[in-house]
Amino acid sequence: MATVCLSGTLEDKLVAAAGAGFDGIEVFEPDLVASPWSPAELAARCADLGLAIDLYQPFRDLDSTDPATVARNRRRARAKFDVMAALGVDTVLVCSAVAPDAVTDDDELAAQLHAAAELAGERGLRIAYEALAWGTHVSTWDHSWDLVRAADHPALGLCLDSFHVLSRGGDPAGFTAVPGDKLFFLQLADAPQLSMDVLQWSRHHRLFPGQGAFDLPAFLGSVLAAGYAGPLSLEVFNDVFRQSDPARTAVDAMRSLLALEAALPVDPLVLPPAPALTGHAFTELAVDGSSGPVVADVLGRLGFAHTGQHRSKPVQLWEQGSARVLLNAGAARPADGEAAVVALAVESVDPTGSAARAEALLAPVLPRTRGNAEAELSAVAAPDGTQVFFARTGPDGWPADFLPTGETSAGAGLTRTDHVGLTQPFDAYDEAGLFYDSVLGLDAGSGSEVAAPFGLVRSRGVTTPDRGVRLALSVSLLRRGGGWAPGVPDPQHVAFATDDAVGTARALRAAGAPLLAVPANYHDDLDARLDLDPALLADLREHGLLYDADADGAFLHLYTEVLGGRVFFEVVQRLAGYDGYGAVNSPVRMAAHRRARQETRAAAPSTRSR
Ligand code: MG
Ligand code: MG
């Protein structure tokens, strides 16, 4: 773990890295410079924590066309070699020069690298030379290898950094041309596919393996196939990680390494497999005395029946088709009057195996208090705090904890839970994608961005391969308080599937469900853009349905108003193979929710401002 990945001071970073189970660190020079510890004290602290110091980095702008600068750099190198000796680290990262006086003659550059390696070698130290993707003269790994080969010194080898290689479209297959003992160090980072200046991309947007778009299993496989035997080190510059809880970031980082090793093409790390997840078992909402009746009333108008009452807890089971919602009045709950999605249960073919997988990937396994007759449910905490249960719905499973009420409902055509939408804390968005991908075996989509009334919203779906389980994760860059602001800073929703959105909408309207009004401008725009069948368009207008289409199919959906300050329900119909969530419509939905809140507030000025 490079200390540059983590937030805080060097002391915080060491504790976090050790706590997450890392074997060693890269000391990022600015962290040391800012530390009151002497290098020897840092070495002692690392030893106490069981951390090796595997790399000292970076040594910048080693080479120069200016003889005076070359002389100064030799002095600087000697001073840093003293620091390294005190730290007990034998390898320093020298990155390709970015200064205007960088050497551009390869023979001269190889000579200067040879001279530096001679200095290092005299001290028993090694130089790992890394091509920065934006180096003045050397910016590709193959060029750095040409120079290391030409310099031909035993104390000089390569540092391969996946970002620098893959951001420039480098081919890892070429690593096999490098003798393994010339691969001195390996730094791993992922990144989203962005079209931007490569330095900005690197400094602000790197991610842990599995969180971005790079094929790191193939990359690492190539490095290992070339004979590399050193540490797998993470070097991730990321604006969010640099200001997040370092202990959490370190666990996220370790999870990324475990998942990466398990995905290696050859000799992978063996983890407990992720058992198949076949659907949503239930979604649990925490409610209180004021939000509970509101949500229960709306569930009734959506065609759900209160079918069960928990044997030992104030928990109601509401069902329609295989869509199930628990209203829990006994859970730790948020602010007064609120309802919140606190748990979701997924059907696992092997709940115990799912929990074992989660534990192996460092997901916090939650303790369960249970009464005599209650089925055991394994649960882990997702990065946003949502409890994820691994359930098996059947006579011997969790439903046995509920006594039947005898209540039934004709229903409104809702068949199952289609997805659960959860706003993620800003710090947890990338972590959540990797969590669901690695721990639960879901596929994280690349996601989209929409300009919403209160700012940019990013969202992505995470799904099982057969789409039986779907989560829609979203995040906002900033959430500010204040009178003008959204009022629902972290909305959540549960979406139910229907095979007949128009018929369901008609039934909900007849039952007095609080459906969100959609402005006429929206449907006018749909007509202009998509030239829909007039009969369909008329139905959409009449029932306040939203519409989207992708390459495969189409999506009809509607929303309720926000209930209890945060949660709303959605009804969706997927036509053909539509695979999205109607994200393009979310600004319209957000504006409508805002308008509905203002109307509620105007009608009841004494209620809490939302
Ligand atoms: Mg690097
Ligand atoms: Mg949705």
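General observations
- Of all residues in the range 437-446, those satisfying the criterion of being in contact (Cβ under 8 Å) with a residue 24 or more places away in the chain and out of contact with any helix residue (DSSP H, G or I) (no Cβ under 6 Å at 6 or more places or on another chain) are Asp437, Leu440, Gly441, Ser446.
- Of all residues assigned to the range 589-601, none qualifies as being buried (at least 16 other Cβ atoms within 10 Å of the Cβ), hydrophobic (A, V, I, L, M, F, W, C) and at pLDDT 95 or above.
- On the stretch given as the range 496-510, residues that are within 16 Å of ligand 2 (Cβ to nearest atom) and in contact with a Lys or Arg (Cβ under 8 Å, 6 or more places away or on another chain) total 2.
- For the range 235-264, a tally of residues being open to solvent by 40 Å² or more (accessible area, probe 1.4 Å) and among the basic types (Lys, Arg) returns 2.
- Residue match in the range 98-110 (condition: within 16 Å of ligand 1 (Cβ to nearest atom) and within 35 Å of the chain's Cα centre (by Cα)): yes
- Members of the range 456-485 found to be open to solvent by less than 10 Å² (accessible area, probe 1.4 Å) and at pLDDT below 85, listed by number: Ala485
- Flag for Glu130 being open to solvent by 10 Å² or more (accessible area, probe 1.4 Å), under 20 Å from Asp181 (Cα atoms) and modelled with pLDDT of 95 or more: no
- Hey, Leu87 open to solvent by less than 50 Å² (accessible area, probe 1.4 Å), within 19 Å of Glu29 (Cα to Cα) and within 16 Å of ligand 1 (Cβ to nearest atom) or not: no
- Meets criteria (closer than 23 Å to Glu108 by Cα, open to solvent by 20 Å² or more (accessible area, probe 1.4 Å) and modelled with pLDDT of 95 or more) for Arg76: yes
- Condition broken by Ala329, with the remaining ones in (1) crowded, with 23+ Cβ neighbours inside 10 Å; (2) touching an Asp or Glu at 6+ places or on another chain (Cβ under 7 Å) satisfied: (1)
- Checked against (1) of a type outside the set (A, V, I, L, M, F, W, C); (2) out of contact with any helix residue (DSSP H, G or I) (no Cβ under 7 Å at 6 or more places or on another chain); (3) buried (at least 19 other Cβ atoms within 10 Å of the Cβ); (4) without any contact (Cβ under 8 Å) to a residue 40 or more places away in the chain, Arg529 passes all but a single condition, namely (3).
Conditions tested, residue by residue: (1) within 23 Å of the chain's Cα centre (by Cα); (2) open to solvent by less than 40 Å² (accessible area, probe 1.4 Å).
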| site | (1), (2) |
| --- | --- |
| Trp201 | yes, yes |
| Gly212 | yes, yes |
| Gly221 | no, yes |
| Ala229 | no, no |
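- In a residue-by-residue description of the range 159-171, the property of being away from ligand 1 (no atom under 16 Å from the Cβ), farther than 16 Å from Asp61 by Cα and open to solvent by 20 Å² or more (accessible area, probe 1.4 Å) applies to at least one position.
- For the range 177-193, the candidate set comprises residues that are crowded, with 22+ Cβ neighbours inside 10 Å, more than 17 Å from the chain's Cα centre (by Cα) and more than 12 Å from ligand 1 (Cβ to nearest atom); within that set, the residue that is nearest to His143 (Cα to Cα) is Leu183.
- Residues of the range 297-316 that are within 18 Å of Ala412 (Cβ to Cβ) and either part of a strand (DSSP E or B) or open to solvent by 20 Å² or more (accessible area, probe 1.4 Å) (or both): Asp297, Gly300, Arg301, Ala305, His306, Thr307.
The values are calculated or read from the model by the stated rules, or taken from the named source; none is laboratory data. Quantities reported herein were computed from a predicted structural model and do not represent experimental measurements. No Cβ is skipped: glycine too gets one built from the backbone with ideal geometry, and neighbour counts run over all protein chains shown. When the accessible area is computed, the model is the full protein with side chains, heavy atoms only, and any ligands, DNA or RNA have been set aside. Shrake-Rupley method; radii C 1.70, N 1.55, O 1.52, S 1.80 Å.
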